[in-house]
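So the structure is just underneath, and the comments pick up after that.
The values are calculated or read from the model by the stated rules, or taken from the named source; none is laboratory data. Predicted model, so just to flag it, every value in this text is computed and none were measured. Please note: Cβ atoms are built from the backbone with ideal geometry, for glycine as well, and neighbour counts cover all protein chains shown. Ligands, DNA and RNA are stripped out before the accessible areas are found, and what is left, the full protein with its side chains, is counted by its heavy atoms. Shrake-Rupley method; radii C 1.70, N 1.55, O 1.52, S 1.80 Å.
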2 protein chains.
Amino acid sequence: MRNFLKTKGLKMTSQRETIFRAFFESEPHMTVEELHERVISMDPAIAYTTVWRTLKLICEVGLGEKKYFGDGVVRYDRVTATPHGHLVCQKCGSTEEFFSSEITRLLQDRADESGLLPEEYRIEVVGICLKCRQQREASGDVTDTSAKGKSSAGDNVIDISGAGGM
Amino acid sequence: MRNFLKTKGLKMTSQRETIFRAFFESEPHMTVEELHERVISMDPAIAYTTVWRTLKLICEVGLGEKKYFGDGVVRYDRVTATPHGHLVCQKCGSTEEFFSSEITRLLQDRADESGLLPEEYRIEVVGICLKCRQQREASGDVTDTSAKGKSSAGDNVIDISGAGGM
DNA sequence: AAGCTAATTGCAATCGGATTGCAGCTACAT
DNA sequence: ATGTAGCTGCAATCCGATTGCAATTAGCTT
């Protein structure tokens with residue numbers, strides 16, 4: 001790693017060493033803040049900004065990549081040789097990775113068709129995990145406070161007015 | 001639509017009518033700002049906030065959903081009966097939609113395996129579109145997607161890939 | 001070992017989109 | 001026409017992302 005940086009005119013510092021280690025040893029898709037927390041548990045003096053910049057660096061040299069799940073916060077994932085997808089629970093935020101060369105191939109084909117040179121795949125299924133569904137039932141709470149809930153897909157065919165025809 | 005709102009104790013206003021129309025007639029995945037621009041071209045008095053809130057409303061009733069592409073800005077897409085994927089060019093930001101029941105089915109299966117009840121699919125291929133690749137060549141730019149160039153400029157302005165936005 | 005310089009760091013400030021508080025306005029049930 | 005729950009616009013606020021800057025440091029040079 002040190003050498004890797006050297007060839008780019010970059011320096012290895014104790015901070016970077018700590019952050020690298022934290023990043024590559026941690027679970028995938030962490031936010032800057034999460035990683036920073038882990039980092040300060042190893043060296044309390046390292047600043048958030050430094051973690052952020054190092055993460056950026058890691059992405060720039062191709063060892064990591066930004067991920068955008070559905071909560072508006074940027075996450076960082078180390079780059080794996082094989083693209084993979086995520087199952088994300090929108091309730092508890094838990095994630096699970098999965099691999100499917102079949103899906104990747106289909107996507108590749110589709111990109112080719114349009115002349116897009118793929119750099120990254122984002123494959124995510126967002127939903128409610130088993131655990132959360134069970135909890136919901138357990139609490140006997142069938143609530144779903146009015147307007148918050150999604151209407152069941154069936155009647156989405158609402159005429160948007162006497163205004164413009166879609 | 002008016003009736004639809006009514007049943008939820010919500011009101012139809014001229015602003016909403018305009019925003020609804022703009023949203024459903026526009027191309028997919030627009031940002032709040034983009035939609036707002038379109039809206040003020042129809043009625044200059046409508047505020048950004050109102051567009052934002054209406055978009056939120058649309059999502060809450062299940063007619064739209066947030067999308068997070070890779071540039072840190074939230075986009076809104078109208079919900080289509082069938083899930084679809086996007087091809088996104090990270091250079092020019094252009095997007096193209098595509099449908100693949102095969103991919104959806106595979107994802108569904110995989111989610112089932114883990115007990116995740118799917119609510120939404122995110123299927124995106126990010127890369128460089130044909131047009132941008134041609135432009136890059138045309139400009140005589142030596143194409144080197146691997147990580148190399150390090151401008152010794154003061155601050156890091158490397159834009160290897162994946163990291164930078166549009 | 002000491003010197004030199006560009007790279008790096010921490011802090012505070014800034015940026016910018018997302019979100020909210022509030023007072024005035026309006027749709028619409030009565 | 002009237003009352004009231006909902007809207008709306010504006011300004012303020014929130015909050016993660018990003019940057020300016022002066023002090024510090026890694027790593028090369030002598």
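A few comments on the model shown:
- Taking θ as phi - 60° and the Karplus parameters 6.51, -1.76 and 1.60, the scalar couplings of the range A:31-44 work out to 7, 4, 5, 4, 5, 4, 4, 4, 5, 5, 6, 9, 7, x Hz in sequence order, x denoting glycine and proline.
- Shortest-first distances to equivalent copies, position A:ARG21, nm, label 7 Å out along Cβ: 6.4
- Residues with amide H under 5 Å from that of B:MET30, placed H, sequence gap 5 or more: B:TYR76
- Computed with a 1.4 angstrom probe on protein heavy atoms, the A-B interface buries about 5100 square angstrom of accessible area in total.
- Close amide H partners of A:LEU117, meaning residues 5 or more places away or on another chain with modelled amide H under 5 Å apart, are B:ILE128, B:CYS129, B:LEU130.
- Estimated at 0.36 nm per residue, the fully extended path between A:ASP71 and A:ARG53 surpasses their Cα-Cα distance by 4.3 nm.
- Set A:LYS8/A:LYS66; B:LYS56/B:LYS91; B:LYS91/B:LYS131 screened for pairs whose C-alpha atoms are more than 18 Å apart: A:LYS8/A:LYS66; B:LYS56/B:LYS91
- Charge dipole magnitude, Cβ of K and R +1, D and E -1 - the range A:80-141, Cα centre, debye nearest 20: 360
- Around the amide H of A:SER94, modelled in the peptide plane, lie the amide H atoms of A:CYS89, all under 5 Å away and 5 or more residues distant in sequence or on another chain.
- Sites B:MET12 and A:LEU130, calculated FRET efficiency, Cβ-Cβ separation with R0 51 Å, nearest 0.05: 0.80
- Isotropically averaged projected area of the range A:80-141, using the convex hull of Cα atoms (one quarter of hull area), nm²: 5.3
- Residue-wise HN-Hα coupling along the range B:66-74, computed from phi with Karplus coefficients 6.51, -1.76, 1.60 (Hz; x: Gly, Pro): 6, 10, 10, 7, x, 10, x, 10, 7
- Placing a label point 7 Å from the Cα of B:TYR48 along the Cα-to-Cβ direction, the distances to the matching points in the other copies come to 2.3 nm, shortest first.
- Protein accessible area in the range B:80-141, 1.4 Å probe - carbon and sulfur %: 47
- Oblate is the label for the range A:1-79. Its Cα gyration tensor axes, ordered a ≥ b ≥ c, give a/c of at least 1.5 and b/c at or above a/b.
- In this assembly of identical copies, the label point of A:GLN134 (Cα plus 7 Å along Cα-to-Cβ) is separated from its counterparts by 5.6 nm, sorted shortest first.
- Residue-wise HN-Hα couplings along the range B:117-128, as the Karplus relation 6.51 cos²θ - 1.76 cosθ + 1.60 with θ = phi - 60° gives them from phi, are 8, x, 10, 7, 10, 10, 10, 9, 10, 9, x, 10 Hz; Gly and Pro carry x.
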